[in-house]
There are 2 protein chains.
Amino acid sequence: MFTPRAIGYIRSPYSEASKIPKGLGAKHDVEGELEILPEFEQGLLDIDGFSHLYVIWCFDRSDGFDLCGRPPCDDRAHGVFATRSPRRPNPIALTVVELLGRRGNRLRVRGVDMLDGTPILDIKPYLSSIPEDHLRRGWLAEVEARKADTK
Amino acid sequence: MFTPRAIGYIRSPYSEASKIPKGLGAKHDVEGELEILPEFEQGLLDIDGFSHLYVIWCFDRSDGFDLCGRPPCDDRAHGVFATRSPRRPNPIALTVVELLGRRGNRLRVRGVDMLDGTPILDIKPYLSSIPEDHLRRGWLAEVEARKADTK
């Protein structure tokens, strides 16, 4: 199909996966940088005008995949395409970050949930949202309801 | 990094790129199917509970990339990472679709903007939105404002 290449790397305070907040109510407001390789810097022209970006990156420290697995927040298994598990047929990840500023080939962002040094595959502008009241969140909403019941 | 593989293919009414609505105000409410390969079907377990999905797919009919280019809705060039151009360093695309129903390995969805037969790389649940009033949309908002002025 194509040969993935890094367009840059994530600079993050996380050096171990165990330190990254996971599961229900995990807050991702940590700041970091998207350091784009100099040969791709021209592709950032006008990116500064967007408040939020999609970052598509590679789970480069994940190996293999499970079609079903138990996420950290639940004791039941779900299909991999209904979770954000790193063990996927294509180890591609997606994070929405807030763009705080740009300095040359470096984008300062909030909302980092990647390990330091993670390869970035693509960046796209975040253009519109599905209104929250149109969203159904399946098993995740059920887990939240179960946990709220047992509080 | 990894070798991308198709987890399935898009069934869409679009057989030519020129028929897909593009640019400002383009509506993507066309229905289609995500046909997942039988060997990955188990990964769809519990996906039915989500109203919206991220579909990560491959611009398989795009070749090469431009770091700067003029999108269909503007006469000015922008960096590729500030646009949704198919001519990207990694030809990876992202579409949010509404899940209408599942029948075995086939997901009926609304919001298809892909060509028929396009390879799917990944599906993820859409969990939350950035509120519209927190979004800035850079050059795209400027184009909209310019077009509104000249009406």
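Applying the criteria of a DSSP loop state and at most 14 other Cβ atoms within 10 Å to the GluC sites (Glu not before Pro) of the range B:1-61 yields B:Glu16.
Restriction of the trypsin sites (Lys or Arg not before Pro) in the range A:11-80 to DSSP coil positions whose beta-carbon has at most 15 other beta-carbons within 10 angstrom yields A:Lys22, A:Lys27, A:Arg61, A:Arg76. Rg over Rh for the range A:19-63 works out to 1.03, both radii taken from alpha-carbon positions and Rh defined as the Kirkwood radius.
Of the residues A:Ser51, A:Ser128, A:Ser12, the one that moves most in a GNM of chain A with alpha-carbon contacts below 10 Å is A:Ser128.
Dividing the convex hull volume of the alpha carbon atoms of the range A:33-93 by its residue count, what do you get in Å³ per residue?
133
Taking amide H positions as modeled 1.01 Å from N, with prolines and chain starts lacking one, the residues under 5 Å from B:His52 and 5 or more places away or on another chain are A:Arg136, B:Leu99, B:Tyr126. Round to the nearest 10 and give me the degree value, 0 to 90, for the angle of helix A:138-149's Cα axis relative to the longest principal axis of chain A. In chain A, helix A:138-149 runs at an angle near 60 degrees to the longest axis.
Taking amide H as placed 1.01 Å from N in the peptide plane, the amide H of A:Arg102 sits under 5 Å from that of A:Arg108, each at least 5 places away or on another chain. Helix-only arithmetic for chain B: the sum of -39500 (n - 2.57) across DSSP H runs with n ≥ 4, divided by the residue total, places the mean residue ellipticity at 222 nm at -2500 deg cm²/dmol. A 1.4 Å probe run over the protein chains yields, for the range A:53-94, 39 Å² of accessible area per residue, whole-number rounding.
Dividing the Cα radius of gyration of the protein assembly as shown by its Kirkwood radius returns 0.94 for Rg/Rh. Of the solvent-accessible surface of the range B:13-151, computed with a 1.4 Å probe over protein heavy atoms with every protein chain present, carbon and sulfur atoms account for 49 percent. Peptide B:128-135 shows a mean partner chain C-beta count of 5 within 10 Å per residue C-beta. With θ taken as phi - 60° and the Karplus curve 6.51 cos²θ - 1.76 cosθ + 1.60 applied, the whole-hertz 3J(HN,Hα) list for the range A:59-74 is 6, 6, 10, 10, 9, x, 8, 10, 5, 10, x, 9, x, x, 9, 9 Hz, x standing for glycine and proline.
Could you please report the charge total around A:Ile7, scoring K, R as +1 and D, E as -1 over all other residues with beta-carbon less than 11 angstrom from its beta-carbon?
Values: positive: A:Arg5, B:Arg88; negative: A:Glu35, A:Glu39, A:Glu41, A:Asp122.
For residues surrounding A:Ile7, the net value is -2.
For the residue pairs A:Lys19/B:Lys22; B:Lys19/B:Lys124; A:Lys19/A:Lys124, the C-alpha atoms sit more than 31 angstrom apart in A:Lys19/B:Lys22. Each part reduced to its alpha carbon centroid, the range B:130-145 and the range A:48-109 end up 24 Å apart. Model label points for B:Asp48 and A:Ile20, set 7 angstrom from Cα along the Cα-to-Cβ axis, are 3.1 nm apart. Residue by residue, the range A:117-128 carries 3J(HN,Hα) couplings of x, 5, x, 9, 9, 6, 10, 9, x, 8, 9, 7 Hz when phi is fed to the Karplus relation 6.51 cos²θ - 1.76 cosθ + 1.60 (θ = phi - 60°); x denotes Gly or Pro. Computed from phi, the 3J(HN,Hα) profile of the range A:43-58 under the Karplus parametrisation 6.51, -1.76, 1.60 (θ = phi - 60°) reads x, 8, 3, 6, 5, 4, x, 9, 7, 9, 10, 8, 10, 9, 9, 10 Hz, with x in place of Gly and Pro.
Across the identical copies, the label point of B:Glu31 (7 Å from Cα in the Cβ direction) is separated from its matches by 4.8 nm, in order from shortest. In this assembly of identical copies, the label point of A:Arg110 (Cα plus 7 Å along Cα-to-Cβ) is separated from its counterparts by 3.4 nm, sorted shortest first. Here the mean projected area of the convex hull built on the C-alpha positions of chain B is 10.6 nm². Interface size, chains A and B: roughly 6000 Å² of accessible area buried, both sides included, 1.4 Å probe, rounded to the nearest 100.
Residue of chain A with the Cβ closest to the rotation axis carrying A onto B, and that distance rounded to whole Å: A:Ser129, 2. Remark: label point of B:Arg76 defined 7 Å out from Cα along the Cα-Cβ vector; separations to the same position in other copies 5.1 nm, ascending. Give me the tail of P(r) for the range A:79-151 as a percent: Cα-Cα pairs with distance above 14 Å. That tail contains 76 percent of the Cα-Cα pairs.
The values are calculated or read from the model by the stated rules, or taken from the named source; none is laboratory data. Remember, it's a predicted structure, so these values are computed and weren't measured experimentally. Here Cβ is always computed from backbone atoms with ideal geometry, including for glycine, and neighbour counts include all displayed protein chains. These accessible areas exclude ligands, DNA and RNA; they are computed on the full protein's heavy atoms, side chains included. Shrake-Rupley method; radii C 1.70, N 1.55, O 1.52, S 1.80 Å.
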